[in-house]
1. What does the charge count around residue 87 come to, taking other residues whose C-beta lies under 15 Å from its C-beta (Lys +1, Arg +1, Asp -1, Glu -1)?
2. Under a Cβ-Cβ cut-off of 15 Å, what is the net charge of the residues other than residue 303 that fall near it, where Lys and Arg count +1 and Asp and Glu count -1?
3. Sequence gap at least 6, Cα distance under 8 Å: using those rules, report the relative contact order of the range 203-385 to the nearest whole percent.
4. I'd like the FRET efficiency for residue 163 and residue 384, computed as 1/(1 + (r/R0)^6) with the beta carbon distance as r and R0 of 45 Å, rounded to 0.05.
5. At 0.36 nm per residue, minus the direct Cα-Cα distance, what do residue 33 and residue 308 gain on full extension? Give it in nm, one decimal, please.
6. Which value in deg cm²/dmol, rounded to the nearest 500, describes the helix-derived mean residue ellipticity at 222 nm for the chain, given -39,500 (n - 2.57) per DSSP H run of n ≥ 4 and division by the residue count?
7. For Cα pairs less than 8 Å apart in space and 6+ apart in sequence, what is the mean separation divided by the residue count of the chain, i.e. the relative contact order in percent?
8. Given +1 on the Cβ of Lys and Arg, -1 on the Cβ of Asp and Glu, and no further charges, what dipole in debye does the chain carry about its Cα centre, rounded to the nearest 20?
Amino acid sequence: MLGTSTRNWLRAKGSPGSSRVTFLELFFDLVFVFSISQLSHALAAHYTPLGALEAGLMTFAVWWVWIFTAWVTNWLDPEKMPVRGMLVVLMLLGLVLSASIPEAFGEKGLLFAGAYVLMQVGRSLFAAYAVKQASASNYRNFLRISTWLIVSGVFWIAGGLLEHEARLIAWLIALAIEYAGPASGFAVPGLGKSTTADWDVSGAHMAERCALFVIICLGEAILVSGRTFSELPFSGLTAVVFITGFVGTVAMWWLYFRFGHERAAHRIEHEETPGSLARQAFTYAHIPILAGIIVHAVAVEFMFSHPHESGELGIILSVLGGPGLFLAGNLWFKGATNGRAPLSHIGGLVLLVLLGFLAPFVPVYIMGMLATLVMIVVAAWEYKSLGGHAGVSTLH
């Protein structure tokens, strides 16, 4: 039993409401509304192979800093004042990070890298201090994580001091180090490596946090469509594109929340080793889901600005790539949490590939409508195969 002098900032797991997402966590997420907006605009403004690589790198970084914070607040109680202070500081740094995104590969590279490293390393060191007296295993875990983040931080800062291709290479190395961490158990000489049993997360909290982040991304897609529509003269074509973008976003919401999220939340809550499932289904599998929504938002912008374009490979990749990435992410996510790959999603990916052969001959807005139709078909297929019940565990 903990002594009265023991520092205890952990969530009281097992008590009523202990796994709920707090208002401060929701407040923290507001910063990432800005991040997602900046990422979609950066990709649309620099829509080249290099620009896509840079936007992809920053997307990986933004997701990683958010999901690591979600893991930390799975253990630490945001209602405790020191934890609140940590989250507020992270919000400030996150705002700096987000504001730096458009010029991250320009004049604000060091600002982006500095804010990122301070968030990652500072949060992990704080977590190690917070759990030291309450949980020896978690303390060792956060020491391991901090070590990996400090090593990657060297490459982030070095990249911020370098220019052009050298910066990109340094940051790719930094990301590779960080993304390899969880898969390797954050192995550190002298500290060993963590096991899945060490990651005693609250499954309900993790599922809800990730679901809320998906809502943020979908909200940004809605905002992009609405803002662009409001700035253009009204016509039948702009109305069609607006409705197409909206329906596509709703289809994404349906595919994730109607069956994926509900079953995943139920599965992880009853999992003997929730840490392993959380690592695969929520930490990694959500990356293509996030990327798909961002690319979908960019595609809607292109459908507004180049509705009659055809044969443009980059635009085709955005129109078909957004739904494709989203379906691939959900395929991974649902396969990990349900134990079986959803055939509806595999069928949807095949249809998108087939549409690619028609793309050179079809205007962009028509291709957008067809891609949205594929999402609707997948949603209807999944709904019918599961009989409308999210909890049914069958091959679909």
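Rule-based calculations on the coordinates, nothing more; no lab input. Small disclaimer: the values here were computed from a predicted structure and weren't measured. Counting neighbours? That spans all protein chains shown, and the Cβs are built from the backbone with ideal geometry, glycine included.
1. Working: positive: 11, 80, 84, 123, 209; negative: 25, 29, 77, 79.
Charge balance in the 15 Å sphere: +1.
2. Values: positive: 227; negative: 231, 301, 309, 312.
Local net charge: -3.
3. Values: 233 pairs, mean separation 49.9, N = 183.
Once divided by the residue count of the range 203-385, the mean separation gives 27 percent.
4. Numbers: r = 54 Å, r/R0 = 1.21.
It comes to 0.25.
5. Numbers: separation 275, 0.36 × 275 = 99.00 nm, distance 3.09 nm.
In short, 95.9 nm is gained.
6. Values: 14 runs with 283 residues, N = 396.
My calculation for the chain gives -24500 deg cm²/dmol from helical runs alone.
7. Working: 554 pairs, mean separation 60.2, N = 396.
It rounds to 15 percent for the chain.
8. The dipole of the chain has a size of about 1100 debye.
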